[in-house]
Every structure is written in structure tokens, then in C-alpha cells.
Amino acid sequence: MVSAAPPPLPPPLLLGLLLLQPPPLPGLAPRAAVCPAACRCYSATVECGALRLRVVPPGIPAGTQTLFLQDNSIARLEPGALAPLSALRHLYLHNNSLRALEPGAFRAQPRLRELALTGNRLRGLRGGAFAGLAQLRVLYLAGNQLARLLDFTFLHLPRLQELHLQENSIEQLENQALAGLSSLALLDLSRNQLGTISREALQPLASLQVLRLTENPWRCDCALHWLGTWIKEEGQRLLSARDKKITCAEPPRLAAQSLLDVSGSSLICIPPTVHIEPLELTAGLGEDLRVACQASGYPQPLVTWRKVSRAREGGPQARAQLEGGPAGPGAPAARDTGSGMLFLTNITLEHAGRYECEAANAGGAARSPFQLRVNASGQRPQPPRASPGPAARAPGRAPRLDAGSMAFRALGLATQTAIAAAIALLALTALLLAAMICRRRRRRRKKAAPPGEGALFVRDYSDGPCTSAQLEELRGERGHEMFVIDRSKPLFAPGPAEAPADPGLAQGPAPGLRLPPRVAYEIHC
């Protein structure tokens, strides 16, 4: 007796059985159905590296603890892209195209311990970029394009132990840039563009054990005197033998020398000096204004423009911006090195007042005032005349030059003589050229050809004239152009013969005259 096969389960019943299956235990691999396309998922790890991704792929399991997104083309972390991944502990975003980090980009990852952002295109770090990462231990920022670290950049990382900033373009490290990193044990600032670093910048690093400062263009002046002393006394334990090789790049007399080998008396600074020209200026309403503040010193001073408030007004000082930034009263102070340009646009009455240019470096500070007046009528005042005439000039006449103007008669006697001699020399040169041209024309007229075709003459003038009809072009042994006169041809082209006025003036053989065989001559035109 053959038993019949059980009938298949209906689709609704099959779906119900699938839903009744127990969830996977913690630590087991998530189901393949929830793994993003082309990614690999196992345990609590998701690998999505080298997939040419432009965004964080959706569908990453919420329980993921390690996420690999390296070697892609992610240029921006979209808001909320990482929000479901609250259990994330290791995030690898190195070798992507990130240009900026929005404030709070990692706020939803409070358990994150390691963040790799190496090899991206980050040019700056905004305040609050690492907010919410109170448990972060290691931060990789090497190989980016960072040029400046602002104050309190890493304030939200109290438990950070390693900060890798090597191979950037960092030129300036502000005094409070590393504030809040009381647990930092390793700081790598090697292979950047640092010229100096202050003691205040490293002061918050109470737990520092490894410091790397090599391969920077250090400027060995008085501002770096503390670093050499600190390395010799307290920093020995922080620097390895290789890390102690801090080499001077400038000034030229100390180039390629080790900072530890340079005496303290050689680390000097030149206090700045400031020059503004002019010191006072009047501008009209709606105009634009630029005022240069020339500062010199060593190292190159930092230039700041400020608008000084009056003593009776009280309150904070109003400030002005340098060229390229917002200008006007109430704007923040602007800084530049070298020539600081104060740029004011669409001038109003509020711009009038006293300004101050300050230049500061490690050697000291210098200030210079500048006074701006605003003409409420909108017309630029005319400069005063040197010696105005008492009588009014007739309308339509050109203004008469004053005695103090740059008229010819106001010049010195030696200058007048030199100008007159130069004019006479030019006139004489022109006459000589005209005479030479006339002389050449006369010579050409004397050598006029006989009637008929234009005749050419050979070096041996005794043979008489010849025409182009009698010449044949040849090449010599060295490739030089040669001409052969065929005397068998008539001297002039056949045509009606004209009797000369004077038979005695007739030149050359008669038409049709036979001459000796061809002979080579060098022809000169």
C-alpha cells in the first residue's frame, strides 16, 4: 500500500512559521537577508570596503559593532546615515573623499572606541565634529589636508589616548587646540608644516607619554627657546632618539642644525615695526577704501586691524576686517602676516573714526593709529592749490600752470640744458637719415638700365648688359646659385627697333648678334 505524500503547506501558513522562528542569539552572524548588497556580514562585523560606494549603504544591521567602509568614494556623511548604529565600536572610513565633518556627525555612536579617517580630504575640523564620542580611545586623522587646528577642536574627547595627525599641512596649532585631552598618551604631529609651537598648546596633555614632532620646518627663534629647554630637562622620556632630531629650517644661519645643538643666545627675535601711509584719509559715502599696514620684524608679525571706540562710549571695541572678509563696525578682528590690508566697502558715517593696526610676534608688539573721516556730502574734497591766482580765470581757457607746478621753466638749469640737447640730437639724426636716403636714390638713378627689359649686370662689366631672357639658373658644386648667360639669344626681346636720338650713345650689340658659347658668371643685382 502506497501512502500519499503530504500536501504542501499553504503560503499563509508557511509565512507564519517563519515569523515564529526565534531570533539569533547575540554574537551570531546576522541573517544574510539584512546584509547590504555586495557587503559581507559575519558576527557583529560588516565589511563594505573597496566597493566604490559614494554614501553609507542602507540596511546595515543595528547590532553591528565593527564597520569597514575604507577605500570607497564617500564624500559626505549624510545626516542620520549612522543614526541606527548605536552599538558601533570600531568605524573605519580611511581612504575616502570626505571633505568636512558636520557638527554632531557621530553623536549617535556613544560607544565608539576607534575612528579611522586617514587619507581623506579634510581641510578643517569644525567645533563639535566629535561631539558625543566620550568613549573614543584612538583617532586617526593622518594624511588629510588640515592646515590649522582651532581652539577646543578636541574638547569632547576626554578619554582619547592616541591622536594621529601626521602627514597633514598643519601650519598653526592654537594655544587651546588640544584642550580637554587630559588622557592623551600619544600625539603625532610629524611631517606637517609647523614652524613653531607654544608651551600653552601642550600644557593640557597631563598624561602624554609619546610626542612626535620631527620633519617640520621649524623656525628656530626666541619663541622656540622653551622647546629646546623642555626636551633637555623634562621631555627626555617623551621623545625617542629619532624623535629628538628636531631640525631648524630657518633662519638661514641655523638651517639644518638640530634645535638641541643651538645655544639659547642664537634663538633671537626682532620686535615688529608698523607703517601706515597716509595716517589720515577722507572718503565719501558709498565708496570703498583700502589702507595698507606694512609690518616688519622676525618672525613675520601677525597683523590685526581694530576700530577703536571712544572712551565715553564704553563697551567692547568695534573692529574691522582685512581684505577678503566682512568689514565694518562690530566685525571681528582680522589677522594677516606682512602687509595687512584694511578693506571697507560701501562706507557710511558709522565707519568714521580712529582705527589701529597692531603687529605682534614673539619679540613684542607695535601699534599705529589711522584716522578716517567721512564726507557726508558724498563729494570728494579738492586738494588745496599751491598758489592760487587772485583773479578768476576766463571760462573756456585752459588753467594756467602755477609756479610750483612741474612746468619746464620750473626745472633746474641743468635739466633744461639736457632736454634741449636731446631734442637737438634727435633733429640732427633725422636730417642725416634723410640725406642718406636721398643719396641712395640718386645712385640708383645713375645706374638706370637701358630701354627694354630690366637688365642685370655681371661682375665683368666689359661684357655689356644682359637681360633675364639670356640667363639660365644653375647650381654650383656646393649648391650655390649660379647663372649662365646664353649669348646665342638676342640681347633684348624682339620688337620694333627704335632709332636712338644719338647714334653714338647706342650701347650693346645689335639685335640678333651671335656671341661665343655660354659662360658662367656670378650675377649681382
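The values are calculated or read from the model by the stated rules, or taken from the named source; none is laboratory data. Computed from a prediction, not measured in an experiment: that's the story for all the values here. Backbone-built Cβ (ideal geometry, glycine too); neighbour counts: all protein chains shown. Accessible surface areas use protein heavy atoms only, side chains included; no ligands, DNA or RNA. Shrake-Rupley method; radii C 1.70, N 1.55, O 1.52, S 1.80 Å.
Observations on the model:
- Residues within the range 163-190 that are open to solvent by 10 Å² or more (accessible area, probe 1.4 Å), in contact with an Asp or Glu (Cβ under 8 Å, 6 or more places away or on another chain) and not aliphatic (A, V, I, L, M), tallied: 5
- In the range 84-106 there is no residue matching the filter, namely being small (Gly, Ala, Ser), closer than 25 Å to residue 184 by Cβ, at pLDDT 95 or above and under 32 Å from the mean Cα position of the chain (by Cα).
- Elements of the type strands (runs of 3 or more DSSP E) sitting completely within the range 52-143 and holding at least 3 residues that are under 20 Å from residue 38 (Cβ atoms): these cover 66-68.
- Strands (runs of 3 or more DSSP E) contained in the range 185-279 and holding at least 3 residues within 33 Å of the chain's Cα centre (by Cα): 248-250, 270-276
- Every pair of residues 6+ apart whose Cβ atoms lie under 7 Å, when the first sits in the range 213-237 and is without any contact (Cβ under 8 Å) to a residue 60 or more places away in the chain while the second is of a type in the set (Gly, Ala, Ser) and part of a helix (DSSP H, G or I): 225/264
- When residues in the range 355-370 are screened for being closer than 13 Å to residue 291 by Cα and surrounded by 14 or more Cβ atoms within 10 Å (Cβ to Cβ), 5 of them pass.
- Residues of the range 209-234 that are in contact with a helix residue (DSSP H, G or I) (Cβ under 8 Å, 6 or more places away or on another chain) and either surrounded by fewer than 19 Cβ atoms within 10 Å (Cβ to Cβ) or within 16 Å of residue 362 (Cβ to Cβ) (or both): 209, 218, 220, 224, 225, 226, 227, 228, 229, 230, 232.
- Any pair with Cβ under 6 angstrom, 6 or more apart, that starts in the range 91-120 at a residue that is on the phi < 0 side of the Ramachandran plot and ends at one that is open to solvent by 40 Å² or more (accessible area, probe 1.4 Å) and hydrophobic (A, V, I, L, M, F, W, C): 92/68; 97/75; 108/83
- Subset tally (residues that are under 17 Å from residue 212 (Cβ atoms), under 22 Å from the mean Cα position of the chain (by Cα) and either open to solvent by 10 Å² or more (accessible area, probe 1.4 Å) or among the polar types (S, T, N, Q) (or both)) for the range 139-162: 2
- Residues in the range 39-71 that are closer than 17 Å to residue 93 by Cα, without any contact (Cβ under 8 Å) to a residue 24 or more places away in the chain and open to solvent by 40 Å² or more (accessible area, probe 1.4 Å): 40, 47, 50, 51, 52, 54, 58.
- Test: residue in the range 281-294 that is β-branched (Val, Ile, Thr), surrounded by 17 or more Cβ atoms within 10 Å (Cβ to Cβ) and farther than 22 Å from residue 173 by Cα: yes
- Search result, residues across the range 353-381 that are at pLDDT 90 or above and either of a type in the set (Asp, Glu) or not in a strand (DSSP E or B) (or both): 356, 358
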